[in-house]
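Taking it in order: structure first as structure tokens, then the write-up.
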Amino acid sequence: MEVCGTHTMSIFKHGIRSLLPESLKLLSGPGCPVCVTPQSDLDRFIVAARQKDVVVASFGDLFRVPASHSTLMKERRQGHDIRVVYSPMDALDLAKNNPDRSIIFLAVGFETTAPAVAATVLMAESENIQNFFILSAHRRVVPALELLITHPNTTIDGFILPGHVSTIIGEIAYTHIPEKWGIGGVIAGFEAVDILYAIHQLIINIRKKTPCIENAYQRAVHPEGNRKAREFISRVFSITDAQWRGIGMIPNSGLMVNSKYAAFDATNHFDLNTEKSASPKGCQCGEVLMGLISPIQCQLFDKACTPGYPVGPCMVSSEGTCAAYYRYHR
Ligand code: SF4
């Protein structure tokens, strides 16, 4: 399984699947943060956007993702103030430039994104900015891998481990996996040769029955990851159980703002309660994210669901598996 959405795109872009023998199957995993964000969080983002005197700041890839009854893009068309930002620091600038408004940054992403969000909260604190808030939907990758390994319906022999996330968490974050479950992984970069090398090493280790974690992306990933970035995360966030789209609750897989920084947690300042969330009818993103089906097995693929009219987030996001299949595999 390639865990990361960027790997999925790169594998398609380079035609790697078409080079592999039939006995070797690549599954795409839950490595697209927008795709794994559950409907309940998306609905909360909509509720946040409807708050009075609030500006919602978000990365652009969330704009078209369908929540139960709306999208951020529709909300903006209806007059709510929702801005695309390229970093959480941009959102903090919005707060500084609009002291009479509250800025809520929608914090979506894995360990790759969380350090920058944490650093922004620390900066907001040091500059005494009181109108900047975050709505955390951050997720942690390793608990999801553990769930996939132990899930009764999955059959995964090895992981192509995410390059970006690993720059933060390091190879040490995975070393318990082969010891505990006998499944190995290779941390890989994003060039074709990186991915081919990772597949090659996985095959060798599976054949020899010597599962291990190999860091094949040493030009970016230190064995211990990025200590400073992890320190930022642990200063601002606490680990919590979290829902994943289609997968359900995964213990210890989320990051919530901890009590020390509660002043920056949007959930403490706004009424963000939502009505019951409803997943898009017929969408099988959950099964796609777990590698149980390929997007072309979804009945809506390339019919009711296309990048122009996406039904589920896996078709919207630039890293989504359904979008990758649509673009490269039709
Ligand atoms: Fe959901 Fe569309 Fe993918 Fe089907 S093709 S799983 S509807 S995103």
message: Need pairs with beta-carbon distance below 6 Å; first residue free of Cβ contacts under 8 Å to residues at least 12 places away in the same chain and within region 28-43, second part of a helix (DSSP H, G or I) and of a type outside the set (Ser, Thr, Tyr); sequence gap 6+ or separate chains.
response: none
- prompt: Cβ-Cβ below 7 Å, separation at least six or inter-chain, first residue in region 317-330 and more than 19 Å from LEU19 (Cβ to Cβ), second of a type in the set (Phe, Trp, Tyr) and within 11 Å of the ligand (Cβ to nearest atom): which pairs?
  reply: CYS322/PHE301
query: Which residues, counting only those in region 307-319, are part of a loop (DSSP other than H, G, I, E, B), in contact with a helix residue (DSSP H, G or I) (Cβ under 8 Å, 6 or more places away or on another chain) and more than 7 Å from the ligand (Cβ to nearest atom)?
result: PRO307, SER317, SER318, GLU319
- request: Kindly indicate which of GLU111, GLU125 is among the charged types (D, E, K, R), in contact with a Lys or Arg (Cβ under 7 Å, 6 or more places away or on another chain) and closer than 18 Å to VAL236 by Cα.
  value: GLU111
task: Assess whether ALA304 counts as being within 8 Å of the ligand (Cβ to nearest atom) and surrounded by fewer than 17 Cβ atoms within 10 Å (Cβ to Cβ).
output: yes
task: For residues that are more than 10 Å from the ligand (Cβ to nearest atom) and part of a loop (DSSP other than H, G, I, E, B), tally how many sit in region 320-330.
output: 2
message: Against the conditions (1) aliphatic (A, V, I, L, M); (2) outside any loop (DSSP other than H, G, I, E, B); (3) touching a strand residue (DSSP E or B) at 6+ places or on another chain (Cβ under 8 Å); (4) within 9 Å of the ligand (Cβ to nearest atom), where does ILE296 fall short? Just the number, please.
response: (3)
message: If I ask for residues that are closer than 30 Å to GLY312 by Cβ and in a loop (DSSP other than H, G, I, E, B), which ones from region 218-256 would you list?
response: ARG245, GLY246, ILE247
- prompt: Does THR175 satisfy the criteria of being under 22 Å from the mean Cα position of the chain (by Cα), among the hydroxyl-bearing types (Ser, Thr, Tyr), surrounded by fewer than 21 Cβ atoms within 10 Å (Cβ to Cβ) and more than 30 Å from VAL121 (Cα to Cα)?
  reply: yes
message: Among the residues of region 276-292, are any part of a helix (DSSP H, G or I), within 8 Å of the ligand (Cβ to nearest atom) and either modelled with pLDDT of 95 or more or among the aliphatic types (A, V, I, L, M) (or both)?
response: yes
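The values are calculated or read from the model by the stated rules, or taken from the named source; none is laboratory data. Not measured: the values here are computed from a predicted model. Cβ coordinates were reconstructed from backbone atoms using ideal geometry, including for glycine residues, and neighbour counts include every protein chain displayed.
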